[in-house]
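Down below is the structure, laid out as structure tokens.
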Amino acid sequence: MLVLLSGVSGAGKDTIKKELLKRMRNITTIPSYTDRLPRSDEERGKIYNFITTQEFEQKIKENEFYEYSVHHEHYYGTSKQILNDNIKKGKIIIKDIEVNGTENLLKLLKDNIKIVTIFLRVPKDELRRRLEHRIEKSSIKEIELRLNRFDYEESKIGIYDYVIKNDNLEKTVQIIMTIIENEYKLK
């Protein structure tokens, strides 16, 4: 089973994913590929495989991605090999992914694997506060870039199975754990 977790940048996808990985036994995650530089707290190969733009574009030419897109001026993509290897292991895979990636994976894989889609909502003023605390002050451009995508991402809510307001971490994690457990039983 593949659980796709989306939401605007700063909605809490990574934090929630980390909590789910700590609390649930049969769950794993797969790293996305990106050509952006790692943040100071990011470990290579955990959440992202960091590669150069040239390496990313070579992988595109070699058809190594199920989906990829340019998001906030950087490439992001889902490796066919990494996803397939983890599906074969029988684990529940949780992947945080932007809305275009969700649409693409649904089109490509929904007939072959059970996919559960979850969108995390956060009010725009709360999002600004989170981004200001997460992104270095010198990068006002980065904050504005992410806020400008808010309405577009919110417009895609209709493709999601579940939409959750993420205003309380513990409550959100508990809701998502229940969703995963129930959907896995239906699989």
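The values are calculated or read from the model by the stated rules, or taken from the named source; none is laboratory data. Since we're looking at a predicted model, the values are computed, not measured. Heads up, the Cβs are rebuilt from the backbone with ideal geometry, glycines too, and the neighbour counts pull from every protein chain shown. Surface accessibility is based on the protein's heavy atoms, side chains included, excluding ligands, DNA and RNA. Shrake-Rupley method; radii C 1.70, N 1.55, O 1.52, S 1.80 Å.
Remarks
- When the chain is described by a simple charge dipole with +1 on each Lys and Arg Cβ and -1 on each Asp and Glu Cβ, the residue from Leu21, Ser139, Thr102 located farthest towards its positive end is Leu21.
- Sites Asp161 and Asp125, calculated FRET efficiency, Cβ-Cβ separation with R0 25 Å, nearest 0.05: 0.40
- Sites Lys18 and Lys61, calculated FRET efficiency, Cβ-Cβ separation with R0 22 Å, nearest 0.05: 0.10
- With protein chains left intact and a 1.4 Å probe, residues in the stretch 1-95 average 50 Å² of accessible area per residue.
- Phi-based couplings in Hz for the stretch 54-61 (Karplus 6.51, -1.76, 1.60; Gly and Pro marked x): 5, 5, 4, 5, 5, 5, 4, 4
- Whole-number percent relative contact order across the chain, with pairs defined as alpha carbons under 8 Å at least 6 apart: 33
- In the structure shown, the pairs Lys46/Lys141; Lys110/Lys171; Lys80/Lys171; Lys13/Lys107; Lys89/Lys165 are assessed against 25 Å; a Cα-Cα span above that value is assigned to Lys46/Lys141; Lys110/Lys171; Lys80/Lys171; Lys89/Lys165.
- Taking only protein heavy atoms and a 1.4 Å probe, the accessible area of the chain is 47% carbon and sulfur.
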